[in-house]
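Encoded as structure tokens, the structure appears first; notes follow it.
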Amino acid sequence: MAGWARFEREAGELAALGRERLYQFGPGLAYLGTVRADGGPRIHPVCANQLDGSLYLLLIPSPKRADLARDGRYALHAFPMADGDDEFYLTGTARREEDAATVERVAEHQRAQGATTAGAEWCFELDIERVMYARYTPLAEGGGFPPEYLKWAAS
């Protein structure tokens, strides 16, 4: 597994595209996929926070928080684009960050991006295993399916 800093060092263009997709609406909006206790999938909207070479989530008391605390496996998919079809997706394992100074920096970052915090969140850092970006050429420009896939995996 790797953090955002390593991902960015090894695949800078892909990391820049991903950051652009995450922050396209201001806050880092994404859908979080977690694993329920019965093994089934669960999907949740979240605010992702990329700072200090890491990717973090602040999660209120909720099923998604319980899922990550029990089984850290996740998938994160940036919100769909308003003006295109490109997709950004990553997977890995989340682990709880309990350093108070780090948690406060993440909360400050999230508020600075225009999202709220409740003060009761747990902070999770996302270790990254795989990343995929699908770049679509608009139909008006002769594009369509399949898109160009850009991929990265931690070795």
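For the range 92-105, a residue qualifies if it is within 19 Å of MET1 (Cβ to Cβ) and in contact (Cβ under 8 Å) with a residue 40 or more places away in the chain, and the qualifying residues are GLY92, THR93, GLU97, THR102.
Scanning the range 76-87 for residues that are of a type in the set (A, V, I, L, M) and out of contact with any Lys or Arg (no Cβ under 9 Å at 6 or more places or on another chain), which turns out farthest from TYR136 (Cα to Cα)? Write out each step before concluding.
First, pick out the residues of the range 76-87 that are of a type in the set (A, V, I, L, M): 76, 78, 81-82.
With out of contact with any Lys or Arg (no Cβ under 9 Å at 6 or more places or on another chain) added as a condition, the list becomes 76, 82.
Numbers: LEU76: 19, ALA82: 14 Å.
The extreme case among them is LEU76.
Could you list, in sequence order, the residues of the range 88-141 that are on the phi > 0 side of the Ramachandran plot and either among the polar types (S, T, N, Q) or surrounded by fewer than 17 Cβ atoms within 10 Å (Cβ to Cβ) (or both)? If you could, list the steps in order and put the result at the bottom.
Within the range 88-141, the subset on the phi > 0 side of the Ramachandran plot is 92, 114, 119.
Scanning the range 88-141 gives GLY114, GLY119.
Just one of GLU8, GLU20 is acidic (Asp, Glu) and closer than 22 Å to ASP85 by Cα; which is it?
Numbers: GLU8 fails: closer than 22 Å to ASP85 by Cα.
Testing whether each residue is acidic (Asp, Glu) and closer than 22 Å to ASP85 by Cα leaves just GLU20.
Filtered by the rule that a residue be buried (at least 18 other Cβ atoms within 10 Å of the Cβ) and touching a strand residue (DSSP E or B) at 6+ places or on another chain (Cβ under 7 Å), the range 4-25 gives TRP4, PHE7, ALA11, LEU14, LEU17, GLY18, ARG19, ARG21, LEU22. Restricting the range 65-80 to residues that are of a type outside the set (A, V, I, L, M, F, W, C), at pLDDT 95 or above and over 10 Å from the mean Cα position of the chain (by Cα), the residue that is surrounded by the most Cβ atoms within 10 Å (Cβ to Cβ) is ASP67. Check whether at least one residue in the range 26-49 is part of a loop (DSSP other than H, G, I, E, B) and surrounded by 15 or more Cβ atoms within 10 Å (Cβ to Cβ), and report yes or no. The answer is yes, given that some residue of the range 26-49 is part of a loop (DSSP other than H, G, I, E, B) and surrounded by 15 or more Cβ atoms within 10 Å (Cβ to Cβ).
Are any of the residues in the range 12-24 in a strand (DSSP E or B) and in contact (Cβ under 8 Å) with a residue 24 or more places away in the chain? The answer is no; no qualifying residue exists.
The values are calculated or read from the model by the stated rules, or taken from the named source; none is laboratory data. Just so we're clear, the structure is a prediction, and the values are computed from it rather than from any experiment. Because the Cβ atoms are built from the backbone with ideal geometry, glycine has one as well, and the counts that use them run over all protein chains shown.
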